[in-house]
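Here the structure is laid out as structure tokens; the discussion comes afterwards.
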Amino acid sequence: MEKIKVLFVCLGNICRSPLAEAIFKDKLKKKGLEDFFEVDSCGTSNYHVGDQPDSRTIANARKNGVTIDHCGRQFTANDLKHFDYILAMDHSNHHNILRLLKDKAHTSKVMLMREFDTTGKGEEVPDPYYGSEKNFQEVFEILNRSTENFLNHLQQTILQKP
């Protein structure tokens, strides 16, 4: 089976998307599924290319038992071809990704992260950058639920097929 390629996308790739990547990787490891996936994150802007995630994101992840190992990068048109699932954190990022589409066949792989959230389905993952520790924890909880449901969806629809 070819690896399932998942990309998480936010604006700067220092708060939401690297946290989603780290949480998802942690879930894969705990379930023994990491060999079936390739997981990455990026930002639609070039503000933080080469940077580590925000120190508050790293601290929040650590507090919740998750390790982040990521270096910021910008989304490219090649990501549309390479990844099977592209999960945007908000409507603006979703729109910016779709603007790069040259092949409309890739449209269905681009979705909002919270399409998989049981509470707030279809809403945006709020950007905690200008917020407090409470906001970072809220984002962790949203991403924890959403990535769990996304993984369950993949297990039911893809990994169970012979």
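Take residue 63 and decide whether it is at pLDDT below 95 and either touching a Leu at 6+ places or on another chain (Cβ under 7 Å) or more than 21 Å from residue 157 (Cα to Cα) (or both).
On the way: at pLDDT below 95: no; either touching a Leu at 6+ places or on another chain (Cβ under 7 Å) or more than 21 Å from residue 157 (Cα to Cα) (or both): yes.
It is false that residue 63 is at pLDDT below 95 and either touching a Leu at 6+ places or on another chain (Cβ under 7 Å) or more than 21 Å from residue 157 (Cα to Cα) (or both).
Anything in segment 35-72 that is surrounded by 15 or more Cβ atoms within 10 Å (Cβ to Cβ), more than 25 Å from residue 94 (Cα to Cα) and either among the β-branched types (Val, Ile, Thr) or free of Cβ contacts under 8 Å to residues at least 60 places away in the same chain (or both)? List them, or say none.
66
Output the residues belonging to segment 29-60 that are more than 15 Å from residue 16 (Cα to Cα) and of a type in the set (Phe, Trp, Tyr).
Selection gives 36, 37.
Pick from segment 80-95 the residues that are under 13 Å from residue 43 (Cα atoms) and touching a strand residue (DSSP E or B) at 6+ places or on another chain (Cβ under 6 Å): which of them is surrounded by the fewest Cβ atoms within 10 Å (Cβ to Cβ)?
The residue in question is 94.
Which number in (1) in contact with a Ser or Thr (Cβ under 8 Å, 6 or more places away or on another chain); (2) assigned to a helix (DSSP H, G or I); (3) over 14 Å from residue 20 (Cβ atoms) marks the one condition that residue 134 misses?
Evaluating residue 134 over (1) in contact with a Ser or Thr (Cβ under 8 Å, 6 or more places away or on another chain); (2) assigned to a helix (DSSP H, G or I); (3) over 14 Å from residue 20 (Cβ atoms) leaves (1) as the failure.
I need a count of the residues in segment 77-106 that are of a type in the set (S, T, N, Q) and in contact with a Cys (Cβ under 8 Å, 6 or more places away or on another chain).
Residues flagged as of a type in the set (S, T, N, Q) and in contact with a Cys (Cβ under 8 Å, 6 or more places away or on another chain) within segment 77-106 amount to 1.
Which of (1) among the polar types (S, T, N, Q); (2) within 19 Å of residue 7 (Cα to Cα); (3) at pLDDT 95 or above does residue 135 not meet, given it meets every other one?
With (1) among the polar types (S, T, N, Q); (2) within 19 Å of residue 7 (Cα to Cα); (3) at pLDDT 95 or above applied to residue 135, the lone miss is (2).
Considering only residues that are touching a residue at least 40 places away in the same chain (Cβ under 8 Å), farther than 20 Å from residue 129 by Cα and touching a strand residue (DSSP E or B) at 6+ places or on another chain (Cβ under 9 Å), look in segment 9-32 and name the one that is surrounded by the fewest Cβ atoms within 10 Å (Cβ to Cβ).
Restricting to residues being touching a residue at least 40 places away in the same chain (Cβ under 8 Å), farther than 20 Å from residue 129 by Cα and touching a strand residue (DSSP E or B) at 6+ places or on another chain (Cβ under 9 Å), the top hit is 28.
Please go through segment 96-121 and pick out each residue that is surrounded by fewer than 11 Cβ atoms within 10 Å (Cβ to Cβ), without any contact (Cβ under 8 Å) to a residue 24 or more places away in the chain and outside any helix (DSSP H, G or I).
103
The values are calculated or read from the model by the stated rules, or taken from the named source; none is laboratory data. Keep in mind the model is a prediction, meaning the values are calculated, not measured. Backbone-built Cβ (ideal geometry, glycine too); neighbour counts: all protein chains shown.
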